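Following: one structure in structure tokens, then a few remarks.
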Amino acid sequence: MELSLKGILKNYGILIAFFAICAIISILSPVFLAPNNIINVIRQTSIYGIIAVGMTFVILTGGIDLSVGSILAVSGAVCAGLIHAQLPVAAVIAAALGVGIAFGVFNGLFITLGKITPFVVTLGMMGIARGITLIYTNGYPISGLPEDFRFVGSGYLFGLPIPVLIFIAVVLVAHFVLTQTRMGRYTYAIGGNEAAVRLSGINANFYKALAYVIAGATAGLSSVILTARLNSAEPVAGNGYELDVIAAVVIGGTSLSGGRGSIWGTFIGALMIGVINNGMNLLGISSYFQLVVKGLIIIGAVWLDRLRDESN
Amino acid sequence: MAFALEMRGITKSFPGVRALKGVDFELEAGEVHALVGENGAGKSTLMKILSGLYTADEGEIRLHGKPITTTGIRSMLDAGVSVIYQELNLVRHLSVAENIFLGREPLLAGSLIDWSKMDKDVKKLLEPFGIDLNPRAKIYTLGPAYQQVVEIVKALSLNSEIIVMDEPTAALTGNEVERLFDIIRSLKASGVSVIYISHRLEELAKVADRVTIIRDGQKIITKAIAELKTDEIIRHMVGRSLDEQYPKMTIPVGREVLRVENLTKQGVCQDVSFHVNQGEIVGFTGLVGAGRTEIMQLLFGHTQADSGQVFIDGVKTHIRSPRDAVKMGIGLIPEERKQQGLVLGLSVLDNASLTVLDLFSRFGVLLGRSLQAKVKSMVDKMDIKTPSLKQQVLHLSGGNQQKVVLAKWFLRDCRLYIFDEPTRGIDVGAKVEIYKLMQNLAKEGAAVIMVSSELLEVMNMSDRIEVVFSGAIVAEFKRDEADSERVMEYALGLHSQTSIKLQVEGHQDGA
């Protein structure tokens, strides 16, 4: 009996916590459960939820990527700039993804071949990408985007907002990659013990770098949605996103030391952050205070993870 | 008179393993007491309980007749017990004096470090040993023997009456070993008791008074060293005759699989040449730090040689990475199972299949079912004891963990297997199984290299023995020509006139 209770908490603890928080918020603020609000929460969640999926790959390898928020800003700016240059929407989206991927490649190369810790590389890249954005935009937003582009952020398909559909698609693909492909197995194994992977004759550096490329790509994808939704590329877009994104991954049960975690957990973790953000807004809690809460949530989630490790 | 130390009925279990079963151990004041047993027999668990690192499940510890009530490293240190571990616990970038007084620095005016007092105290502590060591010298500038001395002096400065030395000679050369023995003798003369753990049985008679033998977590015997012959000690350690322990078969030798010519890497090895044929097990022995593992890492592409040639099946090859090595059909079972061989948090399936995922996927997508079936049949064939393929390897015993590492390479069907310390830290029964698996590989036509520090293992399982000293192969013995004393002499460098100065020992770049 004891064992099964433990097992339930271990496997479904996040889910239970998620529903508990939803219940509390809906009691304090009944508006929370209104269909419009729920759709709104999920749509907002999609933007950093997509990046959280990429971040899950990075954290599974035992790394961290602090630059995702800044990468989002660069690709968003490039995206809006190219739209103004009259490029077709599909090409613009590809370009935004390409910018994200390019930054991911740089991160990956510095970390693997340069042998610099992920924290330092991505901290530097965070500054670089933000700086490039400000240079490119001169510090002004690029706004006034055409209808067919804005559709990506605010349109509906099959009754669901497009960002949500993209988020779900990203989650499904990532889940498949992590569980059913070679790359997925290597990602977990590198986080568990990189030396063992290398000594098994596997190009560990390649797969490690690939995780940062994926994170960059998700930031690029997310930038398209955000830019389309806001009808503007803001130079400060994505500022502080790394906090929400890392929080979502960690709450989802992915270990910051790598090797353990799941996309499914990240999905719930992202929804949880979305619900908490929304709940605090509904309850009129100031955004300053919200930052404090989110910081506490990250520390608390890691602490819980540690307790779980020690009880093993 | 009460014993300096008594341990009574010490029992300790870990998940899945009963490490110690009611072990009794006594130590007299001023005695050098050897503690021997195979890897995994329970020696280090017993010493970790003594040092306060582990708490015994059952049993009692008495110092000078008084039972110890509080445990923990701090209180055992205060009670006068110091353990010097094989991997020394020194801060490499601090000085001798700073290491000795770490955390207890003498102070001036209550806040500033009193350097001159520290220097003086160190000199005073070193005096009885007749060793002149600059207290301000940084640890990394010292050789392993002097580092040992620093640890011993640190223990003495804590007024330790019992000092445990875990494999103190593992990294020392002949002269240094003699010097250490002199130090131990003077410790003994001053009334300090020493528990001496070593695999080098031939050393025991020189330094120890009594010996306690532990096997499978139980005390087998305690006796005066003079009353036990080396082969009796071995029989007690192994618990069976040598023939059963080392199931060596005669296998016809086939064509050459690997030939290495003049492999050289600055500071690692010099002009290493050897070959391995199908059906052969070639043993590499030598001291820890002699360069055996480093030579294997060169072969496996983990590091790159400066010069020299490697031929596989007679064809000259360049191996630039472990990936190249695996493509050439080389498998390496690394020395550190947990650090290099396994991803502990992943399952048996994930670990065993790590080397073959490329063979079991289409466009990157895994062929889950056939992969699982393949691993399953290997797990059955090797008799790996695990509740399921999904079990985390973390929870398996050492022997079964090692088998998972082997399975990883067996699945790949290599033509050359390099075993680095294949039986370290696993129990006696599992060792025999590993030996049998190794034999089978040879029988099926693979070539096998076995790097090992256990002389018995090397002597009994190899067809040929290469002795490595200071980065060079200093002797080669055929199976029937080898005698353990001769092999040991070469391993200790006693026959090397030109000792190449290499930095292998104690040279470890910060991780």
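Some notes on this structure:
- If you go through region B:93-114 and keep only what is assigned to a loop (DSSP other than H, G, I, E, B) and open to solvent by 90 Å² or more (accessible area, probe 1.4 Å), you end up with B:H93, B:A109.
This table checks each residue for (1) in a strand (DSSP E or B); (2) outside the structural domain of B:N440 (by TED's automatic domain parsing).
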position: B:I234; (1), (2): no, yes
position: B:P252; (1), (2): no, no
position: B:L258; (1), (2): yes, no
position: B:L263; (1), (2): yes, no
position: B:Q270; (1), (2): yes, no
position: B:V288; (1), (2): no, no
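- Failed item, numbered, when B:G40 is tested on (1) open to solvent by 30 Å² or more (accessible area, probe 1.4 Å); (2) more than 30 Å from B:L287 (Cβ to Cβ); (3) at pLDDT below 90; (4) of a type outside the set (A, V, I, L, M, F, W, C): (2)
- Inter-residue pairs, beta-carbon under 9 Å, first within 7 Å of chain A (Cβ to nearest Cβ) and in region B:359-374, second open to solvent by 40 Å² or more (accessible area, probe 1.4 Å) and outside any helix (DSSP H, G or I), 6+ apart: B:S361/B:L367
- Look at (1) modelled with pLDDT under 90; (2) within 24 Å of the chain's Cα centre (by Cα) and you find that B:G72 fails only one, number (2).
- Residue match in region B:115-132 (condition: touching a strand residue (DSSP E or B) at 6+ places or on another chain (Cβ under 6 Å) and open to solvent by less than 90 Å² (accessible area, probe 1.4 Å)): no
- Taking region B:330-353 as the range and being in contact with a strand residue (DSSP E or B) (Cβ under 8 Å, 6 or more places away or on another chain), more than 7 Å from chain A (Cβ to nearest Cβ) and open to solvent by 10 Å² or more (accessible area, probe 1.4 Å) as the test, the residues that pass are B:E335, B:S347.
- Of the residues screened, B:V356 is not one that is assigned to a loop (DSSP other than H, G, I, E, B), among the aliphatic types (A, V, I, L, M) and either within 18 Å of B:V448 (Cβ to Cβ) or at the interface with another protein chain (Cβ under 9 Å from one of its Cβ atoms) (or both).
- Test: residue in region B:67-74 that is part of a strand (DSSP E or B), farther than 22 Å from B:S198 by Cα, free of Cβ contacts under 8 Å to residues at least 12 places away in the same chain and in contact with an Asp or Glu (Cβ under 8 Å, 6 or more places away or on another chain): yes
- Cross-chain or 6+ apart pairs with Cβ under 6 Å, region B:224-251 first and over 23 Å from B:V32 (Cα atoms), then open to solvent by less than 70 Å² (accessible area, probe 1.4 Å) and not in a helix (DSSP H, G or I): B:G239/B:R215; B:I251/B:G279
- Search result, residues across region B:376-396 that are part of a loop (DSSP other than H, G, I, E, B) and surrounded by fewer than 19 Cβ atoms within 10 Å (Cβ to Cβ): B:D383, B:K385, B:P387, B:S388, B:L389, B:K390, B:Q391
- Test: B:Q439 is within 14 Å of another protein chain (Cβ to nearest Cβ), at negative phi, modelled with pLDDT under 95 and not in a loop (DSSP other than H, G, I, E, B): no
- Restricting region A:175-203 to residues that are of a type in the set (A, V, I, L, M) and surrounded by 23 or more Cβ atoms within 10 Å (Cβ to Cβ), the residue that is farthest from the other protein chains (Cβ to nearest Cβ): A:I190
- Against the test of being more than 9 Å from chain B (Cβ to nearest Cβ), open to solvent by less than 10 Å² (accessible area, probe 1.4 Å), modelled with pLDDT of 90 or more and within 21 Å of A:I162 (Cα to Cα), the options A:A211, A:A237, A:A215 yield a single qualifying residue, A:A215.
- For region A:241-248, the criterion of being hydroxyl-bearing (S, T, Y) and crowded, with 22+ Cβ neighbours inside 10 Å is met by at least one residue.
- For region A:142-161, filtering for residues that are touching a residue at least 24 places away in the same chain (Cβ under 8 Å) and under 22 Å from A:V78 (Cα atoms) leaves 12.
- Residues of region B:45-66 that turn out to be open to solvent by less than 40 Å² (accessible area, probe 1.4 Å) and not in a helix (DSSP H, G or I), as a count: 5
- Residues satisfying the stated conditions in region B:295-329, i.e. at the interface with another protein chain (Cβ under 8 Å from one of its Cβ atoms), in a helix (DSSP H, G or I) and within 28 Å of the chain's Cα centre (by Cα): B:P322, B:R323, B:A325, B:V326
- Lone unmet requirement of (1) assigned to a helix (DSSP H, G or I); (2) within 28 Å of B:G239 (Cα to Cα); (3) more than 14 Å from chain A (Cβ to nearest Cβ); (4) touching a Leu at 6+ places or on another chain (Cβ under 7 Å) for B:V405: (3)
- Output for region A:15-40, where each listed residue is in a helix (DSSP H, G or I) and either more than 13 Å from A:M272 (Cα to Cα) or open to solvent by less than 10 Å² (accessible area, probe 1.4 Å) (or both): A:S26, A:I27, A:L28, A:P30, A:V31, A:F32, A:L33, A:P35, A:N36, A:N37, A:I39, A:N40
- Selection status of A:Y288, outside any loop (DSSP other than H, G, I, E, B), open to solvent by 20 Å² or more (accessible area, probe 1.4 Å) and within 14 Å of chain B (Cβ to nearest Cβ): no
- Conditions (1) surrounded by 24 or more Cβ atoms within 10 Å (Cβ to Cβ); (2) touching a residue at least 24 places away in the same chain (Cβ under 8 Å): number failed by A:S255: (1)
- Filtered residues of region A:89-147 (kept if open to solvent by 50 Å² or more (accessible area, probe 1.4 Å) and hydroxyl-bearing (S, T, Y)): A:T117, A:Y136, A:Y140, A:S143
- Hey, A:G220 within 13 Å of the chain's Cα centre (by Cα) and at negative phi or not: yes
- Residue, nearest to the other protein chains (Cβ to nearest Cβ), within region A:219-229, restricted to residues that are within 17 Å of A:G274 (Cβ to Cβ) and open to solvent by 10 Å² or more (accessible area, probe 1.4 Å): A:L226
- Near pairs, Cβ below 7 angstrom, 6+ apart or cross-chain, from region B:411-429 (on the phi > 0 side of the Ramachandran plot) to any residue that is open to solvent by less than 10 Å² (accessible area, probe 1.4 Å) and modelled with pLDDT of 80 or more: B:E421/B:V451; B:E421/B:S452
- Search result, residues across region B:356-373 that are more than 19 Å from A:H175 (Cα to Cα) and within 37 Å of the chain's Cα centre (by Cα): B:V356, B:D358, B:L359, B:F360, B:L371, B:Q372, B:A373
The values are calculated or read from the model by the stated rules, or taken from the named source; none is laboratory data. None of these values were measured; they are calculated from a predicted model. Positions of Cβ are backbone-derived with ideal geometry, glycine not excepted, and every protein chain shown enters the neighbour counts. With ligands, DNA and RNA removed, areas are computed over all heavy atoms of the protein, side chains included. Shrake-Rupley method; radii C 1.70, N 1.55, O 1.52, S 1.80 Å.
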